[in-house]
Each structure stands twice: as C-alpha cells, then as structure tokens.
C-alpha cells in the first residue's frame with residue numbers, strides 16, 4: 001500500500017511527464033491549472049491518465065473543485 | 001411532435017408526450033463503458049408519478065419552488081417533470097457552484113424542496129454556509145449509500161407514494177422556472193421564466209432544428225443551463241426523441257458516445273468544440289502525405305457542394321471516416337454559452353458537419369438568433385429566430401449599437417429585483433448589453449460588450465464585482481475588478497480578461513509582498529474567475545453618495561492610460 005506522500009509524488013511525476021513540465025518545478029500545493037497551464041478539459045485528460053496509472057475510478061464529483069496536487073492525491077489515496 | 005401552440009404549460013405538454021411516445025426510448029444513461037439505464041417514456045412516467053404523489057402528500061403546493069442540484073442524469077429530468085406536474089416552479093442550480101454559492105441561491109430562490117445527489121448533499125450539509133434561513137422543508141437525495149447519514153434528508157428512491165398524483169394545470173403566463181443567469185456574489189440574478197417563454201422558444205428552435213423519435217441528443221452541457229434544458233430535455237421530449245446522459249464527462253468517453261449511441265445532435269461550449277477541432281486536426285496532420293492529399297481533395301469537393309446548403313448524405317459518403325467517428329448520424333453540433341471563433345465553425349462545416357451557431361442569453365429564453373444554414377455563415381451568429389424582434393439601439397457610424405430584443409420568450413423579470421428588471425427590460429425590450437449590427441442579409445454580427453462582464457470559452461458569465469470578495473482586506477487604499485474590454489473597448493468577444501485595479505496608500509508601491517498576496521488570493525479562485533493582471537490608479541475612486549464605486553466613470557479615467565503599459569502581469 002502506497003503512503004500519501006508516495007501517491008503525491010507519483011501524481012506530480014505523471015503530470016510532469018504528460019504535460020512535459022520539469023518535475024522539480026512542481027510542488028504538492030501547486031495549482032495544477034496554473035502551473036501546468038492547462039484548461040478544464042486537459043485536467044480531465046490528466047485524471048484519466050491517473051486512473052489508469054493507479055488502477056482506480058475517480059467519479060467526476062470527487063474531483064469537482066479540486067485544483068491542487070495534494071488534494072487530488074488525497075482523493076486518489078482514499079480509493080486505493 | 002406535439003403542437004405546442006395548443007398548450008398552456010411545460011407540464012401539460014410533457015404529460016401528453018409521455019403518453020404519445022410511450023414505447024419510444026426517452027433516456028439512456030451511461031457511465032464509462034457501462035450502460036446504466038435505458039428508459040422508455042412509459043418507464044419515465046412510472047418513475048415520476050409515485051414521486052409526484054409523495055411530494056404532494058408532503059405538502060408541495062402549486063407555485064411552491066423546488067430546486068434541483070444534480071449532474072446530468074435521468075433523475076434530473078424525472079424530478080423536473082414531477083415539479084411541473086405538481087404545478088411547482090423549478091429552480092435549476094449549477095452543480096459546479098461552491099456549497100456557499102448554492103446555499104445563497106437556495107435562500108434567495110425561496111425553494112421549499114431540494115433534490116440533489118448524495119456527494120453534493122454531503123458537501124452542502126457540511127458547509128459552514130448552511131443557511132438556516134432557507135425555506136427548505138424537504139430534501140431528497142439520490143444514490144445515497146445504504147445507512148448513510150443524510151443529515152435530515154430523505155432518499156429520492158424511497159420517496160414514493162401509492163396514490164395517483166393530481167395534475168395541476170398552469171397558465172402560459174405563470175412562472176415555470178427561476179434560472180440564475182450569473183451574479184452569484186452580491187446580487188443573484190434569478191430570471192423568472194414563464195411557461196410561454198419555453199413553449200414559444202421550443203416552437204421556434206424545432207422549426208429549424210427538428211427532433212423526431214429515433215433521434216438522439218447527447219447531453220453534456222449542464223441541464224440547469226438554458227440551452228441543455230431546452231435541447232436536452234423539453235425539445236426532444238415533446239418530439240419523442242432520446243436524450244443520452246454520460247455520468248463521466250472525460251473526453252474519451254464523450255468521443256466514444258458518438259458512434260456508440262449514433263448521436264444526432266450535441267451542444268457544446270466553444271472550449272470543447274475547439275478541443276475537438278484540435279484532435280481532428282492532429283489526426284489529419286498525421287496522415288501519410290499521399291492519403292493527406294486525397295483527404296484534402298475530398299474536403300475541397302465537399303466544400304464546393306455544400307456552399308449553398310448542407311448536404312449531409314453527400315458529406316457522409318465523401319468523408320466517411322470523419323463522419324463515422326461521430327457515429328454517422330450527426331446532423332449538427334449546437335454551440336453556445338459563449339462566442340465561438342469563426343475559424344472553428346468553418347472547420348467543421350467544411351467537413352460537412354454543420355455547427356448551429358447562435359446567440360442568446362438566459363433572459364431572452366435561450367436563443368435569439370441562430371444560423372439557419374441557408375447558407376452557412378461562420379462570420380455571424382445568424383438571423384433572429386421566428387417570433388424574435390431584434391433591433392440595434394443608437395447605432396454608430398458603422399451601424400454598431402446595443403442589441404435589444406422583444407419576444408414572447410423574454411423573461412418576466414429578475415426575482416426580487418424590480419429596479420434591475422426595469423433597467424434591463426425597457427418598454428418590453430430586453431437590453432442585452434452586447435454590441436452588434438445587422439449585415440445586408442439580415443445576419444447579426446457581434447462586436448463586444450457594453451457591460452462590465454466577461455464570458456469564458458467554457459460559457460461562464462463572470463461579473464467582476466463577484467470576484468472582489470477574494471481581495472477583501474488587501475493592504476491597499478481601495479481596489480476593484482474590471483473586465484479589461486470594458487475599460488479599453490475591443491471589437492472582440494474572445495480572450496476576455498479580468499483586471500484588478502489598485503489604488504495604493506500614499507507613498508506605497510506595488511511590492512513583491514503585495515504581489516504575492518494578490519497571487520495567492522487569486523490562485524484560490526476557480527481558474528476561470530482569476531484576474532490576469534493589475535492596473536494602478538493614483539486617485540480616489542469616484543463614488544456615489546452611498547459610497548458605491550461609479551464604475552463607468554472610473555473606467556473612463558482608467559482608459560486614459562495606454563492599455564499595454566497599464567496592465568501589470570501578476
């Protein structure tokens with residue numbers, strides 16, 4: 001079982017790879033819309049990647065209003 | 001299709017539609033790869049009537065208000081029908097608002113019933129903004145887990161009466177819905193829409209874009225939005241068509257839904273349309289040179305044939321793979337909620353997929369103009385719909401002035417806001433605040449806004465005043481938020497931005513600390529509500545006797561600065 005810190009790091013790493021942003025430029029409390037320069041549709045694409053990576057389903061309502069990596073990771077963690 | 005001219009209310013029309021099209025499929029609900037539900041009009045009625053019965057037993061009376069806060073799904077439409085059946089007033093609220101905003105609107109609307117989903121209720125119930133001053137007497141929750149704490153609410157699925165509910169007739173002039181067009185902050189704007197507004201709008205729209213049994217509408221825009229309510233509920237239902245709901249709105253599932261359910265119509269906001277365009281364009285670019293040449297030639301042939309009018313059959317044969325990707329049955333993409341760039345519209349039309357581009361606002365009963373495709377024009381928002389009188393007020397030398405509208409579809413007014421209503425509807429003409437002109441063929445072209453607001457590509461109306469609470473107690477003398485184009489008018493309705501205007505204390509400068517404070521507050525706002533820069537103003541803001549900022553005068557003074565150098569990026 002992953003710890004929340006591991007999950008957060010994996011979220012950051014996947015986001016950096018998918019949107020080609022240097023990994024060391026992302027921090028857990030960053031706003032991913034702003035830091036990755038993405039819109040709401042691209043955020044949904046990121047969610048699909050995360051679901052595949054962690055092997056979970058994240059219902060849309062779970063991520064409604066979420067905009068930072070840490071909260072996103074905690075929502076994923078609760079479904080692992 | 002039912003003859004809506006004979007009906008007095010939405011409820012009466014829907015009631016007859018459920019009987020007339022009893023064996024047709026009205027709803028399909030899908031979650032990822034799984035189909036969750038498929039209901040006929042008969043099934044719909046069988047689910048609705050016990051709910052109506054129990055609601056009446058619980059004391060829901062004609063003219064009582066009932067709010068729905070739900071994602072797009074079958075229970076949204078069943079609940080809405082029940083409210084109309086019981087003679088109630090529907091208050092459809094946006095599930096994407098924060099719990100605080102939802103409580104504010106629940107209180108403002110005076111709703112006595114709330115129907116919502118468990119995850120939404122969980123957040124509402126836990127919100128410190130939970131408002132004891134609401135009129136709420138009954139809260140119904142869908143899809144609650146077994147033994148969940150419902151904080152005083154009841155299970156939607158178990159709220160079923162045995163007796164036959166009484167149908168309550170309404171008049172055309174009665175209020176059918178209260179739709180919040182925007183302004184969730186200081187001044188909620190609840191548009192009171194009558195039954196006539198919807199009946200007349202539906203007659204006009206279906207005369208151009210008709211539905212019929214077997215046609216399928218993919219419902220993606222939130223159903224509380226005026227467009228989806230009309231073309232994703234009322235319109236298809238009174239024609240016996242099918243509405244498809246997706247519980248997961250990820251791009252890949254939306255894409256899959258087109259071929260899976262052979263979609264006939266879909267409504268999108270410009271952002272999603274542009275995303276579709278980007279995806280298609282990159283696929284075309286990836287074609288090997290030979291195939292790409294053939295593809296481009298086929299597009300050119302298609303363009304030549306559809307110059308005067310769409311020829312769906314021909315386009316589907318010429319560009320078979322593109323159309324099959326959309327299921328092969330797509331008749332048109334309806335785009336709304338915000339201004340769409342002509343280039344995106346033209347891209348789809350050239351492929352033989354008409355985009356029903358129009359212009360409207362909630363206050364006008366959804367659409368005012370729409371492209372009638374005779375011929376397709378990407379550079380305009382089309383001609384006024386049947387029954388719409390549209391005129392340009394105080395046109396300048398180029399014929400550009402404020403668009404105003406008179407029609408049976410225009411709302412009766414804003415709830416509890418007689419002054420705002422009087423400013424907006426003058427001598428029965430609705431002032432839209434948008435600037436436009438008619439070309440020689442009677443098509444409306446839009447050129448920007450007269451009002452201090454922006455509309456994002458996701459179709460969100462943002463009033464700068466609503467953002468200001470995020471910057472309260474900022475260590476400056478005074479501040480306010482403006483739409484950049486309101487200060488420096490631009491003949492454009494895309495790429496609109498918000499600006500934070502600061503009047504610093506005497507001797508102070510825009511320090512790094514202040515900049516960080518602003519950025520931090522800004523980042524806590526939803527992404528589409530964020531300001532893009534600051535503007536410094538070194539005088540006291542002009543104010544009224546009651547100390548309200550005179551925004552028009554302040555904007556005029558700010559406009560004396562050069563736009564490019566005045567805006568300081570965050």
Inset, instruction - Quick one: grab the alpha carbon gyration tensor of chain B, order the square roots of its eigenvalues as a ≥ b ≥ c, and give me rounded if a/c is under 1.5, else prolate or oblate depending on whether a/b is larger than b/c. - result: oblate
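Among DSSP beta bridges lying fully in chain B, give the percent that are antiparallel, nearest 5.
Values: 46 of 83 bridges.
Just about 55 percent of them are antiparallel.
Relative contact order of region B:269-449, please, whole-number percent, based on alpha carbon pairs below 8 angstrom and at least 6 residues apart. Mind dumping the intermediate values first?
On the way: 283 pairs, mean separation 29.0, N = 181.
Answer for region B:269-449 is 16 percent.
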Legend entry - Relative contact order of chain B, pairs being alpha-carbon contacts under 8 Å that are 6 or more residues apart, as %: 11
Inset, instruction - Starting from the coordinates of the alpha-carbon atoms of chain A, obtain the Kirkwood hydrodynamic radius over all distinct pairs and give the value in Å to one decimal. - result: 12.4
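How would you classify the protein assembly as shown from its alpha-carbon gyration tensor, with a ≥ b ≥ c the square roots of the eigenvalues: rounded for a/c under 1.5, else prolate if a/b is greater than b/c, otherwise oblate? Walk me through the numbers before you get to the answer.
Details: a/c = 1.17, a/b = 1.13, b/c = 1.04.
Here the protein assembly as shown falls in the rounded category.
Could you work out, residue by residue across A:32-42, how many beta carbons of other chains sit within 10 Å of that residue's beta carbon, and then give the average as an integer?
Values: counts 1, 5, 6, 1, 0, 0, 1, 9, 12, 11, 2.
Per-residue shielding by partner chains comes out at 4.
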Inset, instruction - When a/c is below 1.5 the answer is rounded, else prolate if a/b is larger than b/c, else oblate, so apply that to region B:454-569 with a ≥ b ≥ c taken from the square roots of the Cα gyration tensor eigenvalues. - result: rounded
Inset, instruction - Would you mind telling me the antiparallel percentage of the DSSP bridges in the protein assembly as shown, rounded to 5? - result: 55
Legend entry - Calculated on alpha-carbon atoms, Rg and Dmax of region B:237-313 in Å: 16.0, 48
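Each reported figure results from applying straightforward, stated rules to the coordinates on display, with no laboratory input. Predicted, not measured: the structure shown is a model, and the values here were computed from it. Backbone-built Cβ (ideal geometry, glycine too); neighbour counts: all protein chains shown.
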